[in-house]
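Below is one structure, written out as structure tokens; the observations come after it.
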Amino acid sequence: MYTTPTRRLLTALAATAAVVLPATGTAVAAPTPHPVTAAPARALLHPVADLSAQRLATADLVAAAKFGTDSPIDDPAREAQVLDAVAAQAKELGTDPDAVRAVFRDQIEANKLVQRTLFQRWTDHPEQAPTTRPDLAVIRVEINRITTALVQSLADTAPDRATPLCRPARALATVRVIHERRLDHLHSEALARSLNSVC
């Protein structure tokens, strides 16, 4: 007998596969959702992946704000503040602060992957470099908003992420978000990197 989180993930996997995977010549019956515990794919790991993609989208703006200035991509003091803040929020929500901290370490590294790649691209092709410099303080307001929502989503999905089905669910959620948001290769790679510690 499957536990409630496992049943929810099985249902979510089936629903997500139906959306993402192309139809084949062989019909396969999808499992019937449990009337009480079944949840749509959007209610499980999809929000975690989608919020991660939103957070990654800010990396382009951060890179544009920093490019050509003395502001470094690596900012250990700022990163420590973020990690301490998400751990504190996780405690308030009654979820594992160390697990949330690990996810956000990956989020930060994925964000820096995008920034470094863009810096190199703009250095090699100056004509592609941004012509305006966004306000980093304004960008951080948006980052903080997404971060708060992502910690909440991690807390909400903690039981589901502790099951053996978390990894396939994460993979399907990642593919779905890449498709929905039409991410390029760089942001697709970064999204996968940002979700390493979700399971």
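What follows draws every value from the coordinates through simple rules; no lab data is involved. Treat the numbers as computed from the prediction; the structure is a model and nothing was measured. Virtual Cβ from ideal backbone geometry, glycine too; neighbours counted across all protein chains shown.
Within the range 176-190, whose backbone N sits under 19 Å from a point 7 Å along Cα→Cβ of Asp156?
What the label zone holds, given the 19 Å backbone N cut-off, is 176-178, 180-181.
Grab the Cα-Cα distance for Arg116 and Arg167, subtract it from 0.36 nm times how many residues apart they are, and report the gain in nm with one decimal.
On the way: separation 51, 0.36 × 51 = 18.36 nm, distance 2.77 nm.
Between Arg116 and Arg167, full extension yields 15.6 nm more.
Would you kindly give the portion of the calculated P(r) for the range 66-191 that falls above 25 Å, as a percent of all Cα pairs?
Values: 2731 of 7875 pairs.
Distances greater than 25 Å cover 35 percent of the Cα pairs.
How many percent of all Cα-Cα pairs in the range 76-115 sit more than 11 Å apart?
60
Report, to two decimal places, the Cα Rg of the range 133-199 normalised by 2.2 N^0.38 Å (N = number of residues).
Here the Cα radius of gyration is 1.29 times the empirical estimate.
Compute the FRET efficiency between Glu92 and Glu142 as 1/(1 + (r/R0)^6), taking r as their Cβ-Cβ distance and R0 = 25 Å, and round to the nearest 0.05. Let's see the in-between values first.
Values: r = 22 Å, r/R0 = 0.87.
The formula returns an efficiency of 0.70 here.
Which length gain, in nm to one decimal place, applies between Ser197 and Arg133 when the Cα-Cα distance is subtracted from 0.36 nm times their residue separation?
On the way: separation 64, 0.36 × 64 = 23.04 nm, distance 3.25 nm.
In short, 19.8 nm is gained.
Would you please name the trypsin sites (Lys or Arg not before Pro) within the range 144-199 that are DSSP coil residues with at most 14 other C-beta atoms within 10 Å of their C-beta? Display every interim value, and only then the final one.
Working: sites: Arg145, Arg161, Arg170, Arg176, Arg181, Arg182, Arg193; in loops: Arg182.
Those satisfying the criteria are Arg182.
Go ahead and run the numbers for FRET between Arg101 and Glu189, Cβ-Cβ distance against an R0 of 22 Å, rounding to 0.05.
Efficiency computed from Cβ-Cβ geometry: 0.45.
Around Ser197, which amide H atoms from residues at least 5 apart in sequence, or from another chain, sit under 5 Å from its own amide H, with H modelled in the peptide plane?
Excluding prolines and chain starts, which carry no amide H, there are no hits.
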